[in-house]
Amino acid sequence: MAERSFAKEVLHLKTGKGETFRGEGILAITKALLENGVGYVAGYQGAPISHLMDVLADAQDILSDMGVHFEASASEATAAATLAASVHYPIRGAVTFKSTVGTNVASDALANLSSGGVTGGALVIVGEDYGEGSSIMQERSHAFAMKSQIWLLDPRPNLPSIVKAVGDGFELSEATNSPVMLQVRIRSCHLLGEFEAKDNVRPTMTVKDALEHPKRDIERIVLPPASFLHEQEKISKRRPAAIDYIRSNKLNEHFGPAGGKVGIICQGGMYNGVMRALKRLGLASLHGDCDIPLHVLNVTYPLVDDELLAFAKDKECILVIEEGYPAYIEQEIRAILHKAGARCAVEGKGPFPEAGELTGPVMYSGISTFMTQFAGDLLPAVARAPNRPEQDTSKLAKTVPARPPSFCIGCPERPIFAATKLVEQELGEHHIASDIGCHLFSINAPFDIGATTMGYGLGPASASAFNDKKAERRSISFLGDGGFWHNGLVSSVGNAVFNDNDGVIVVVDNYYSAATGGQDILSSRANNKSKSTQHTIKKAVEGVGVKWVRQIDHTYDVNKMRASLKEALTTKVKGPKVIVASSECMLNRQRREKPLKRAAVAEGKRLTRTRFGVDEDVCTGDHACIRLSGCPSLSLKTLDDPLRDDPVASIDQHCVGCGNCGEVADAAILCPSFYQADLIQNPTRWDRLFSKWRNRLITKLQTRREKKQLVFSGGLS
Amino acid sequence: MSSATDNDSNSGDLITLAVLAVGGQGGGVLTNWIADLATLGGYAVQMTSVAGVAQRTGATIYYLEMAPKTDRQAVFALSPTPGDLDVLIASELMEAGRAVLRGFVTPDRTTLIASTHRILAISEKSLPGDGRAEDSLVEEEIHSAAFHSVCFDMEAIASNAGSMISASLFGGLARSGCLPFATSLYEDVIRASGRGVEASLAAFQGALNYDANAVAKPAPPASVATEVKGPADLVTGWNALRARIDKLPVDSQAMAEAGLVKVVDYQDLSYGEEYLQYVEEFSRHGDALASAAAKYIANAMCYDDLIRVADLKTRSSRQARLRGEQHIPDGDIVQVTEYFHPRAQEICGTLPAGLGAWIEAHPRCFSLLDRISNKGRRIRTDGIAGFGMLWAVSALKSWRRRFLRHRYESAHLQALLDRARRAAQTDPGLAAEILQCQRLIKGYSDTHERGHSRFAKVIGALSDLSGRPDASAWLGRLRQAALADENGAALDSALAEVRSNS
């Protein structure tokens, strides 16, 4: 059911020793897990590791052949709690989710896991949704590692390094009885590259073995007095063990000359960016030679004091390159040098901005500022006086429009927000709480709906305070089916029932977790051979005590959608009013149905191809339809008519025939310009016969009218 | 000293390439092809993209680096840096503009491959007027920003070949010659992709061998003469009317002919004669006013009522256009469903004026009628019943001038003409601006009413403006403001300005 199938790619997971593995970062990580004898894998989808979950799901047969259990968790908290299997048993386990949002959700389980510690290697693979293309708040995962004493790996962004980090992570975890977090950034996840494969290894102990031979150790359970001992143990035993392991296994790397008056320390993930900036400054080559000593932290927590002191020795100044705020690494390095009485100066945030992604230009200007100040003599002439003419782009800047993400062509969520806009036109504006998911695009034009987003499944929860029986308006809140099952059922809907909140809750149901790529969830409509699906949202909300529930099975019916919303906002029934608005994600539906339809047409089956159109001479060019729809295939065109000033609406070839534009035109009583054209593919004999009769009669009527009046053609009309 | 660069004489072989696309255009497919091309050509390649929300119809970016394969691993960057790009591929005109703005296209080295077609952004198409960005400015700027550019409409090439724009952009890339790979290698990559190979190759070739001169724009339609057919007496009448246009100021003749065609087509010859009288009257005050009168009086006279819509929807020319737009060949069967939603107002408007007015004056009757009529109606105009019904409504045309709607529209027209006439005595420029305010009245039902209320607001400002030397400039500004947004905020602030300046 997932948006992208990896069925072909996962066959590469069987690649053996000595062969070259070519693929994306996420596929490489999966392969590395198998090479390292992982016993179970779990996770929750979300960019940038959505495809990792898809790869694992598509690789399910390969995994189970190897005795590896895979689970698509209900949330990141569930995923993190799954690692409990490595507490008493020497089974290697890995979980994955996006960060920092997923790590936030998982943090309770992660904190408990790291307090008691682990026996089998426990790896938390976090996909950093940070920087360009990110859809979440910009924070660092580093803080989670520091507060819970989870060791944090940030390997150099190339497949061999990432693959090595998976193995290092398991061993480090086992050597220190602590969970390890492996950070991969957006671009690393989607990076296409190669590495030399090893043979896959079956887990030494499987979850089946563990189930059949249960064990417990009260020392590992988080309850006093053990919890106080854990706190001490983390600092006195596990952390020193980690530092020893990192040092003796040389997990951090050194590049460039051994000595020099300046040096650079960077996170592993920053390495390629640093090298590119150095190359542009004439200080490094494409193949990794560099003139400046470079200490690369493939482990960013904990830091190894003596490695850093040795690096700083005899240097006048070192530059710490660290992405995001706060500058935890820089602060700690300063503290380490200060405690040791080292005389080396430290730069970091200063040449570099305090916050934000370290993009190419930021990296270039940061390093170049540092070098100019502290080692200008090392810079070649070209770097000291870069000679590039400034381009004047002010006119262009005023012309090029922004292109915010929005709903796809035929998206079933569009009519929900069109209906909401129409209800607001009738009943006035309301406080509207949004949630995470495609439906959050409602905050953009043309809908401009929604005031806040507080977290996945927390849309209605974020409207909790707006619960005043004397108020004459109710709040409206949205959440998706993904958010609903993640957390929304209890935190949002259950809470509204319990606190007798009169607000309106709209659950946007796309038949599966659409925004993250179409992964199945409890209410998915499809049959999934390894999962239990088709548990309806309606039954679930009724189960937690919602009295007023409306199920809408065709969201494109804008009139019905609007009527339900209006009823929910005005009914006298107490407690939350829940509307479950269900229609399948059009993007995935098209991907699934298009090839099937094409095949059916080729076989000669009778099918109807529906598309919509606008009669250009009926359209008056007011564009009200666009303001209520925003469909990408509904655009404008200029007519060859000197009498017209404004372009008219027009529907392009990408129309999928969802009917939203026509429905909106009807519901908002806009205009009669829209028509639906159903092409009959492979018509039957009857189709042809009826069509012939109809056409004959229609032509007769047309001819009769035309005979009595002037008919203009060519040029204008 | 710079030993690192000395060590590595090959560092100049690095090629950086970015693809800027609109989510859903197939930017990923194109980037994969380029990666495969590089591999096939003996290059080490790294490709990255940012998946996530941006790919849902937003602006999205893919990045590739490649260098000749050696025994040493190259260190490739993961994201593009302004000023450091050899090739930039943009799948749409404004995305090319955005690439220039982001510094990804520089005149010292960047080869720009861009499709110049437009995918309008929501901010451009949602205005009540025309909010589209100026294409020509962007086309000029992207050309001057690039070292070398290959820019033409690659979407049209792809669509003609039944393929996606990724294929024609790949052709554009081959055409530019900026990568060190033979054309046959590009084609091998497409063949190896295995899906829609023939169509992709056709689109690839189309862009590769594109000839700007061969697809020069067709002659402007204005030069095509209007043909008229019909009963002999009507044609004679038409020719007599048409001859009067030649006596109008030269600059307004084309507009007046278009207007006359529209009005006669809308109603009949006598309606056309009425139109001509108005235009002739205003043409005495100069060319500019003649053109404005020719355009906006025609539009005001041809109001959109049920009869008009029924007429347009049942014409044979409409059937032909629909088939063209939907790419449905003659002989194929198409079912056409119209989305109608008539209200009591529209029904009353299509009744004899006395009866319609009586119903409107009696709220109970009116609301009863509204309850019966006011709902969405789907009418199949390929079927006998649906077509027949609309055909019958269109046949009411000869009674149109007796209907209630005509009474309203005539009153509106006469008021507009009177205002323009008064202004024309002293300020023909202002009279032209007044007539142009007819542009504000668009749409049907609520939209139409909103248009009227804006029109009333703008025209209402005349009392503050009349006599002022800048009156016509102000009225034009108010009209633009009225078209600038949906909720009328721009108009209200412009009106406040008028009042504070008076």
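Nothing in this text is a laboratory measurement; each read-out follows from the coordinates by a stated rule. This one's a predicted model, so the numbers in the text were calculated from it and none came from an experiment. Quick reminder, even Gly has a Cβ in these numbers, built from the backbone with ideal geometry, and neighbours come from all protein chains shown.
Before moving on, here are some points about what is shown:
- When peptides A:190-199, A:17-26 are sorted by average Cβ neighbour count within 10 Å, with the highest value leading, the order is A:190-199, A:17-26.
- Number of partner chain Cβ atoms within 10 Å, mean per residue of A:357-367: 3
- Here the 3J(HN,Hα) profile of the range B:109-117, calculated from phi with Karplus coefficients 6.51, -1.76 and 1.60 at θ = phi - 60°, is 7, 7, 8, 9, 10, 9, 8, 8, 6 Hz, Gly and Pro shown as x.
- When DSSP beta bridges are restricted to pairs lying wholly in chain B, around 60% turn out antiparallel.
- Share, in percent, of DSSP beta bridges within the protein assembly as shown that are antiparallel, nearest 5: 45
- With a 10 Å cut-off around each Cβ of B:307-315, the average count of Cβ atoms from other chains is 4.
- Between A:Val320 and A:Ile265, A:Glu347, A:Gly348, the built amide H atoms are under 5 Å apart, and every one of these is 5 or more places off in sequence or on another chain.
- Cross-link pairs beyond the 27 Å C-alpha cut-off, checked among A:Lys605/B:Lys125; A:Lys398/A:Lys637; A:Lys637/A:Lys707; A:Lys31/A:Lys208; A:Lys577/A:Lys597; A:Lys529/A:Lys594: A:Lys605/B:Lys125; A:Lys637/A:Lys707; A:Lys577/A:Lys597
- Theoretical FRET efficiency, 1/(1+(r/R0)^6), r = Cβ-Cβ of A:Arg696 and B:Asp211, R0 60 Å, to 0.05: 0.85
- Inter-part distance where the range B:192-210 and the range B:284-299 are each reduced to a Cα centre, Å: 51
- Sorted fewest first by neighbouring Cβ atoms within 10 angstrom, B:Asp188, A:Asp652, A:Asp500 come out as A:Asp500, B:Asp188, A:Asp652.
- Sorted peptide list for A:590-599, A:641-650, criterion being average Cβ within 10 angstrom, highest first: A:641-650, A:590-599
- Per residue of chain A, the DSSP helices (runs of n ≥ 4 H) give a summed -39500 (n - 2.57) that works out to -10500 deg cm²/dmol at 222 nm.
- Computed from phi, the 3J(HN,Hα) profile of the range B:165-177 under the Karplus parametrisation 6.51, -1.76, 1.60 (θ = phi - 60°) reads 5, 4, 5, 6, 5, 4, x, x, 5, 5, 4, 5, x Hz, with x in place of Gly and Pro.
- Amide H contacts of A:Gly37 (H built 1.01 Å from N, under 5 Å, at least 5 apart or other chain): A:Val201
- Phi-based couplings in Hz for the range A:675-686 (Karplus 6.51, -1.76, 1.60; Gly and Pro marked x): 9, 10, 10, 9, 8, 8, 8, 6, x, 7, 4, 5
- The range A:627-703 versus the range A:61-117: alpha-carbon centroid distance in Å: 53
- What separates the Cα centres of the range A:431-474 and the range A:242-274 is a distance of 46 Å.
- Projecting label points 7 angstrom from Cα along Cα→Cβ for B:Arg321 and A:Asp500 puts them 6.0 nm apart.
- The slack between A:Asp65 and A:Lys637, meaning 0.36 nm per residue of separation minus the straight C-alpha distance, is 200.2 nm.
- Mean per-residue shielding of peptide A:660-671 is 5, counting Cβ atoms of other chains within 10 Å of each Cβ.
- The modelled label-to-label distance for the pair B:Val250/B:Asp464, using points 7 Å beyond Cα in the direction of Cβ, is 4.2 nm.
- Cα gyration tensor, the range B:412-501 - rounded (a/c under 1.5), prolate or oblate: oblate
- Nitroxide proxy distance, nm - points 7 Å out along Cα→Cβ at A:Met146 and A:Thr533: 4.4
- For A:Lys349, the aspartates and glutamates whose Cα comes closer than 15 Å to its Cα, not counting residues fewer than 8 places off in the same chain, are A:Glu322, A:Glu323, A:Glu330, A:Glu332, A:Glu357.
- For A:Glu19, the residues 5 or more places off, or on other chains, whose built amide H falls under 5 Å of its own are A:Ala197.
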